[in-house]
Amino acid sequence: MAESRLRGRRAGALVPLFSIPSAESWGIGEIADLPVFARWLNESGLSVMQLLPVNEMADGQTSPYSALSAMAIDPIYIALGDLPEFAAWGGESALHPDEISRLAAARASKTVDYATIRDLKIRVLRDAFDTFVEKEKGASTARAQSFDQYVERERWWLDDYVLFRALHAENHGKSWLEWDHGIRRRDAEAVRSARRRLEHDILYYAWLQFVADEQWARAREECAELNVAILGDFPFMVSSDSADVWSRQHEFRVDASVGVPPDAFSETGQDWGLPVYKWDVLEANDYDWLEMRARRCAELFDGFRVDHLIGFYRTFVREKDGRTYFVPAEEPAQIRQGERVLTILRESGAGILAEDLGVVPDFVRESLTRLQVPGMKVLRWERWWDEEGKPFKDPASYPAVSVAISGTHDTETMAEWWDNAAGEERCAAVEIPALRDAAILVDETYSPRLRDALLTTLFQSGSDLLLIPMQDIFGWADRINVPAVVSDENWCWRLPWPVNLLREEDEAAERAQFLQDLARETDRAR
């Protein structure tokens with residue numbers, strides 16, 4: 001959100017775009033579904049929609065954190081029903097019978113069928129692009145001129161992306177690290193030759209981003225009219241096989257990887273397999289790539305969550321030979337670097353939130369306080385850990401400059417947490433004022449009564465911003481992602497109803513009324 005829209009008390013919902021398809025969507029939430037969902041939020045007294053990254057994923061990927069680009073929107077989110085070229089091509093009636101059958105199955109699926117959806121959309125988008133070239137580009141229409149203006153306006157990131165994307169397709173999806181030497185190293189003549197050879201494909205990938213941008217701008221405007229801000233996500237890193245790393249090889253190490261050290265959650269730590277920033281080079285360039293990413297986020301979102309905040313202060317590096325260490329190594333340099341990065345991100349004009357979960361040194365939290373950047377307060381983890389019984393902190397005591405949350409896309413839902421919590425944890429939890437007032441018992445199973453008591457205490461928190469995953473709003477146990485687990489269920493969760501029918505579902509209508517009442521009672525309605 002723009003900085004001014006972060007002021008005051010607000011509440012919102014966390015839901016991935018892929019989770020909110022309408023009846024007209026192709027089995028996945030699409031850009032045009034954002035304002036549809038925003039209407040339900042508005043009627044619920046909520047004014048913030050937190051999304052996960054919407055950057056383009058490689059074929060076969062489902063995690064929004066495995067991106068081919070830090071800038072490009074994934075074409076899988078394009079709403080074909082709103083695309084003029086698709087209508088001119090013939091629309092759904094022009095699909096082959098087997099495609100109509102596969103589309104119906106994708107729409108009826110309870111989860112997102114990425115492989116089918118991507119295959120169908122890419123095939124149709126190619127035909128729609130040919131229609132654009134023939135009827136718009138060839139005739140220099142107003143729409144063709146808008147496309148040209150878009151390409152010129154976004155050239156600062158689009159040029160490298162579309163060339164990379166065309167080369168990636170030409171190389172059958174192989175990582176750029178496996179391409180021929182000349183183009184892998186971006187030799188000038190190899191790049192010029194590729195631009196000539198792949199001119200048509202380059203135009204196609206630029207058109208996809210033009211279409212996505214056009215739909216996104218319209219959706220964001222409609223959300224703003226409903227007073228719903230769109231909160232994005234700023235991943236710590238992109239994949240080694242990305243347009244950004246290929247085009248800025250001097251700023252990344254692909255011979256080492258980023259992770260986190262051993263902690264209470266993992267005896268061995270984690271290796272994320274992501275490239276490592278060459279922080280000295282970034283600093284010499286005044287962190288211009290991070291500034292460009294922030295600029296792009298500000299084009300798309302009202303604000304964004306800074307993922308893995310601690311990594312911007314100090315990155316945990318894993319060498320191929322097993323050595324591990326932090327960069328920078330010393331605390332003063334870590335503070336200087338982290339605060340410079342946060343300042344650059346804030347200067348984009350968008351509001352920023354810090355994902356400061358996990359093992360975070362005190363000096364980082366002190367830094368956030370100095371900069372007045374809100375960090376996260378997860379109800380189940382906000383406890384007086386050094387006191388007898390480890391009592392929970394009263395959410396009403398959370399500082400205003402913070403974000404109260406019940407969980408993230410990576411955590412257990414509240415239902416899972418409660419039903420798996422040990423007796424001593426439940427004993428401490430039932431002393432939280434709202435749970436005590438509701439007479440919640442230590443041995444009761446998760447129920448609508450307990451769900452609403454937890455939601456009430458979160459709405460009553462001192463944090464100016466409150467964000468609740470959709471699963472916790474309804475009391476569902478479904479997960480968006482289970483970290484460190486490769487599963488067909490990760491990143492595939494969908495709402496049980498089409499988003500355009502939420503207002504007609506009794507359960508969703510009841511939730512909307514409950515949230516609206518809570519928002520008004522706690523001064524969060526906007």
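The values are calculated or read from the model by the stated rules, or taken from the named source; none is laboratory data. Since we're looking at a predicted model, the values are computed, not measured. Virtual Cβ from ideal backbone geometry, glycine too; neighbours counted across all protein chains shown.
Here are the numbers for this structure:
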quantity: Elements of type helices (runs of 4 or more DSSP H) in the range 436-526, at least 1 residues being within 23 Å of residue 380 (Cα to Cα), polar (S, T, N, Q) and under 24 Å from the mean Cα position of the chain (by Cα); calculated: 470-474
quantity: Residue check for residue 207: touching a residue at least 12 places away in the same chain (Cβ under 8 Å), more than 24 Å from residue 79 (Cα to Cα), under 28 Å from the mean Cα position of the chain (by Cα) and buried (at least 18 other Cβ atoms within 10 Å of the Cβ); calculated: no
quantity: Among the candidates 191, 162, 133, 151, residue that is touching a residue at least 12 places away in the same chain (Cβ under 8 Å), crowded, with 19+ Cβ neighbours inside 10 Å and on the phi < 0 side of the Ramachandran plot; calculated: 162
quantity: The range 380-404, residues that are touching a strand residue (DSSP E or B) at 6+ places or on another chain (Cβ under 8 Å), part of a loop (DSSP other than H, G, I, E, B) and within 23 Å of residue 305 (Cα to Cα); calculated: 382, 398
quantity: In the range 353-379, the residues that are exposed (fewer than 14 other Cβ atoms within 10 Å of the Cβ) and acidic (Asp, Glu); calculated: 362, 366
quantity: Residues of the range 84-99 satisfying the condition of being closer than 30 Å to residue 141 by Cβ and assigned to a helix (DSSP H, G or I); calculated: 84, 85, 86, 87, 88, 89, 91, 92, 93, 94, 99
quantity: Close pairs from the range 383-400: first within 19 Å of residue 454 (Cβ to Cβ), partner among the acidic types (Asp, Glu) and at pLDDT 95 or above, Cβ under 6 Å, at least 6 apart; calculated: 393/382
quantity: Single condition residue 400 does not satisfy, out of (1) at pLDDT 95 or above; (2) over 25 Å from the mean Cα position of the chain (by Cα); (3) surrounded by fewer than 17 Cβ atoms within 10 Å (Cβ to Cβ); (4) not aromatic (Phe, Trp, Tyr); calculated: (2)
quantity: Residue match in the range 17-39 (condition: over 23 Å from residue 506 (Cβ atoms), among the β-branched types (Val, Ile, Thr) and crowded, with 24+ Cβ neighbours inside 10 Å); calculated: yes
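Okay, residues lined up against (1) in contact with a Leu (Cβ under 6 Å, 6 or more places away or on another chain); (2) in contact (Cβ under 8 Å) with a residue 24 or more places away in the chain; (3) under 22 Å from residue 37 (Cα atoms); (4) surrounded by fewer than 21 Cβ atoms within 10 Å (Cβ to Cβ):
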{"residue": "428", "(1), (2), (3), (4)": "no, yes, no, yes"}
{"residue": "489", "(1), (2), (3), (4)": "no, yes, no, yes"}
{"residue": "493", "(1), (2), (3), (4)": "no, yes, yes, no"}
{"residue": "497", "(1), (2), (3), (4)": "no, no, yes, yes"}
{"residue": "504", "(1), (2), (3), (4)": "no, no, yes, yes"}
{"residue": "524", "(1), (2), (3), (4)": "no, yes, yes, no"}
